[in-house]
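These notes are about the structure you will find just below.
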Amino acid sequence: MDDKKLLVQKIKELKQKKNAIILAHCYQSIEVDEVADFVGDSLYLSREAAKTNADIIVFAGVYFMAETAKILSPSKKVLIPDKTAGCLMAEMINLEKIKEFKKKNPNVPVVCYVNSTAEVKAQCDICCTSANAVNIVKSLGAKDVLFVPDKNLGNYVSSKIEDVNVICYEGYCPIHQDLTVNDVIKKKDLYPLAKVLVHPECQKDVLNLADFIGSTSGIMKYVKESKDNEFIIVTEIGVVERLQRDYPDKKFIHISQNAICDNMKKISLEDIYKSLDEEIYEIKIEENLIKSAIRPIERMISIN
Ligand code: 13P
Ligand code: SF4
């Protein structure tokens with residue numbers, strides 16, 4: 001047996017022994033899928049984290065995702081194999097600015113993308129992910145809404161709901177923000193028949209070139225149901241790798257070699273083994289903060 005197979009087997013044995021599960025985001029290195037119990041986007045993984053009976057959750061993702069799992073399952077041990085795996089967009093939020101906005105606009109609900117810290121969630125009325133953002137904002141029935149932190153997703157939501165004034169925070173995901181119209185045109189010139197599938201964290205002019213705009217799960221569902229054979233995938237490379245693995249007869253063109261989230265690639269199989277074996281790095285959140293941060297997440301889960 002080669003080294004990698006042996007490591008996979010050891011992780012599986014350890015999982016069983018410790019009654020642990022592994023949740024992995026679709027942007028993780030694809031080798032992580034071999035040991036994962038659930039692989040998916042933010043919404044799917046937060047739902048699974050809420051449901052599990054495991055004693056230990058190992059989160060192969062970025063920090064806010066493991067934190068969300070801990071908030072939803074406070075009695076469980078939640079581990080992140082690399083505690084430096086952060087989300088650049090989540091780090092753009094200034095908590096004081098949100099508090100200030102709320103003071104000045106006490107009747108405006110604050111919707112926060114799940115890509116945010118526990119402290120930020122605790123200040124917000126409801127969470128959303130890219131898969132449910134439009135429905136969540138609609139569900140509030142409000143005239144004005146503050147959407148934090150992703151201005152691109154916020155603007156996309158706004159374009160889908162005419163009668164709500166969506167006030168966007170000035171944050172963004174650098175990986176999606178940097179993708180350009182020119183990137184799309186170049187690929188479309190090479191593959192004129194390919195359908196262009198775009199994540200809503202991209203800028204508006206890129207979204208305008210899309211045949212379909214959707215979250216990670218939305219893009220995957222579109223491919224599953226499509227009769228087309230070529231797709232230009234305008235999001236992180238992990239989605240492209242999984243699509244190519246799952247649909248080997250179709251062709252998937254990644255928009256740019258720059259569309260890689262380095263933080264999402266930090267966790268290796270070795271890290272997962274070490275994490276489970278030594279039970280590191282444990283996510284710890286103060287009880288009162290959990291109580292405040294769970295409200296907007298549970299509200300989101302109940303709506304969808
Ligand atoms: P989703 O998993 O909700 O599509 O979000 C994409 C993303 O950037 C996660 O960090
Ligand atoms: Fe954060 Fe963007 Fe990386 Fe997702 S892709 S974890 S939003 S930096």
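The values are calculated or read from the model by the stated rules, or taken from the named source; none is laboratory data. Here the structure is a predicted model, which is why all the values come from computation and not from measurement. Every residue, glycine as well, gets a Cβ built from its backbone with ideal geometry; the counts of neighbours run over all protein chains shown. Quick note on the areas: whole protein, heavy atoms, side chains included, nothing else; ligands and nucleic acids left out. Shrake-Rupley method; radii C 1.70, N 1.55, O 1.52, S 1.80 Å.
Descriptive notes on the structure:
- The number of residues in the stretch 20-35 that are surrounded by 20 or more Cβ atoms within 10 Å (Cβ to Cβ) and within 22 Å of Leu243 (Cα to Cα) comes to 9.
- Residue count, the stretch 152-163 (criterion: closer than 22 Å to Arg299 by Cα, surrounded by fewer than 21 Cβ atoms within 10 Å (Cβ to Cβ) and not polar (S, T, N, Q)): 2
- Filtered by the rule that a residue be open to solvent by less than 50 Å² (accessible area, probe 1.4 Å), among the charged types (D, E, K, R) and part of a loop (DSSP other than H, G, I, E, B), the stretch 36-63 gives a lone residue, Asp41.
- Which listed residue, of Tyr27, Tyr113, is of a type in the set (Phe, Trp, Tyr) and out of contact with any strand residue (DSSP E or B) (no Cβ under 6 Å at 6 or more places or on another chain): Tyr27
- Filter pass, Lys99 being in a helix (DSSP H, G or I) and either surrounded by fewer than 20 Cβ atoms within 10 Å (Cβ to Cβ) or at pLDDT below 95 (or both): yes
- Where a residue in the stretch 24-38 is in contact (Cβ under 8 Å) with a residue 40 or more places away in the chain and within 15 Å of Ala49 (Cβ to Cβ) and its partner, wherever it lies, is within 13 Å of ligand 2 (Cβ to nearest atom) and part of a loop (DSSP other than H, G, I, E, B), with Cβ under 6 Å and at least six apart: His25/Gly61
- Criterion (of a type in the set (Lys, Arg) and more than 25 Å from Ile283 (Cα to Cα)) met by exactly one of Lys83, Lys121, Lys104: Lys104
For (1) open to solvent by 30 Å² or more (accessible area, probe 1.4 Å); (2) without any contact (Cβ under 8 Å) to a residue 60 or more places away in the chain, each residue gets a yes or a no:
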| residue | (1), (2) |
| --- | --- |
| Asn258 | yes, no |
| Asp262 | yes, yes |
| Lys265 | yes, no |
| Glu279 | yes, no |
| Ile297 | no, no |
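- Residue match in the stretch 263-274 (condition: touching a Leu at 6+ places or on another chain (Cβ under 6 Å) and charged (D, E, K, R)): no
- Looking across the stretch 164-201, the residues that are farther than 24 Å from Asn135 by Cβ, of a type outside the set (D, E, K, R), open to solvent by 20 Å² or more (accessible area, probe 1.4 Å) and more than 12 Å from ligand 1 (Cβ to nearest atom) come down to Thr180, Val181, Asn182, Ile185, Leu190, Tyr191, Pro192, Leu193.
- Restricted to the stretch 64-96, and to residues there that are of a type outside the set (Gly, Ala, Ser) and without any contact (Cβ under 8 Å) to a residue 40 or more places away in the chain, the residue that is surrounded by the most Cβ atoms within 10 Å (Cβ to Cβ) is Lys76.
- Condition broken by Val58, with the remaining ones in (1) within 16 Å of ligand 1 (Cβ to nearest atom); (2) in contact with a Leu (Cβ under 8 Å, 6 or more places away or on another chain) satisfied: (1)
- Residues (in a loop (DSSP other than H, G, I, E, B), within 15 Å of ligand 2 (Cβ to nearest atom) and of a type outside the set (A, V, I, L, M)) located in the stretch 102-124: Asn115, Ser116, Thr117
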